[in-house]
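Contents: one structure, followed by commentary.
The values are calculated or read from the model by the stated rules, or taken from the named source; none is laboratory data. What you see is a predicted model; the values in this text were computed from it and never measured. So basically every Cβ, Gly included, is an ideal-geometry build from the backbone, and we count neighbours across all protein chains shown.
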Amino acid sequence: MRGPITLIQDSVAYVRKHAALLFGTYALPALIASFVYANVTNGLPAEAEDMTASDLQLLAFSTIIFIVISVFVSLALLRAVTDPQGTTIEKAYRYSLKHFLPFIYLSALVGIVTMLGFVALIIPGILLMVWFMFAQFCFVDDGKRGVDAMRASRELVRGKWWAAFGRSMALVGIAIAAIIPVAIILGISFGNNSLAANFFSEVLTVIITPVAVAYMYFLYLDLKKVRSAA
């Protein structure tokens, strides 16, 4: 299995090679969704008790729409990352539209099970999170659905839990190391101008996300190779 540094290097090279497809699929829709959501919610009171009924309705509606669009865009990006040769931006979104409901179901299952693990005790939550963190790739790459995708992800991780956990945490550490200096610069540059700071934060997220997805995809492929060789 590749180490974290090699995975990052391969992921950056992969994203650069397929930049037009990956950023074309993800960047503009993600930025528009985030910017609209920020503008809609920016005028709302900061505290829930200060909100009127209409404020709460607007917040709930905006949040639901934002989540739906985010999941829709994320699924299209997953498709583009896993099959860049056979996918165009249009095909990625056609795939996302066709498989959106089963993907939402899988994401909800993984989220609920993992959350219950964290509510029960922290350690079971971490265990479940690592078991199922490749379920979305099993969905897109192998055509698994629901519980079958979760089982396939757990089978991939079996015997390699620490390797998967360590490499995923390395990705988090690398992302944080990249984000913190930028966050400091944005805070100094824009001060109280939250909309401008949020915009540039979203631009950074748009740059990092395809690399992170490619990193996890390569880790998923490495685990598949290990499993097939066993």
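Kindly evaluate LEU21 against the criterion of being over 22 Å from TYR93 (Cβ atoms), assigned to a helix (DSSP H, G or I) and touching a helix residue (DSSP H, G or I) at 6+ places or on another chain (Cβ under 8 Å). Spelling it out, it is not the case that LEU21 is over 22 Å from TYR93 (Cβ atoms), assigned to a helix (DSSP H, G or I) and touching a helix residue (DSSP H, G or I) at 6+ places or on another chain (Cβ under 8 Å). In the set (1) more than 14 Å from MET1 (Cβ to Cβ); (2) of a type in the set (D, E, K, R); (3) in a helix (DSSP H, G or I), the condition left unmet by ARG167 is number (1). Taken over the stretch 150-176, residues that are touching a residue at least 40 places away in the same chain (Cβ under 8 Å) and either aromatic (Phe, Trp, Tyr) or within 15 Å of THR114 (Cβ to Cβ) (or both) amount to 4. Within the stretch 179-201, the set of residues being closer than 21 Å to SER70 by Cβ and modelled with pLDDT of 75 or more comprises just one member, ILE179. Being at pLDDT below 95 and not aliphatic (A, V, I, L, M), is that true of even one residue in the stretch 94-101? The answer is no, given that none of the residues of the stretch 94-101 is at pLDDT below 95 and not aliphatic (A, V, I, L, M).
Against the list (1) in contact with a Phe, Trp or Tyr (Cβ under 9 Å, 6 or more places away or on another chain); (2) crowded, with 18+ Cβ neighbours inside 10 Å; (3) assigned to a helix (DSSP H, G or I), the condition GLY117 fails is (1).
Exactly one residue out of LEU101, LEU97, LEU109 is part of a helix (DSSP H, G or I), under 22 Å from VAL147 (Cβ atoms) and in contact (Cβ under 8 Å) with a residue 12 or more places away in the chain, and it is LEU109.
Evaluating ALA60 against the criteria (1) free of Cβ contacts under 8 Å to residues at least 40 places away in the same chain; (2) within 17 Å of the chain's Cα centre (by Cα) leaves one unmet condition, (2). Based on what the data block shows, is LYS91 assigned to a helix (DSSP H, G or I), in contact (Cβ under 8 Å) with a residue 12 or more places away in the chain and closer than 30 Å to ARG16 by Cα? Yes; evaluated as a whole, the condition is true for this residue.
Which one is surrounded by the most Cβ atoms within 10 Å (Cβ to Cβ) among residues in the stretch 14-35 that are among the β-branched types (Val, Ile, Thr) and either without any contact (Cβ under 8 Å) to a residue 12 or more places away in the chain or within 14 Å of ILE208 (Cβ to Cβ) (or both)?
The residue in question is VAL15.
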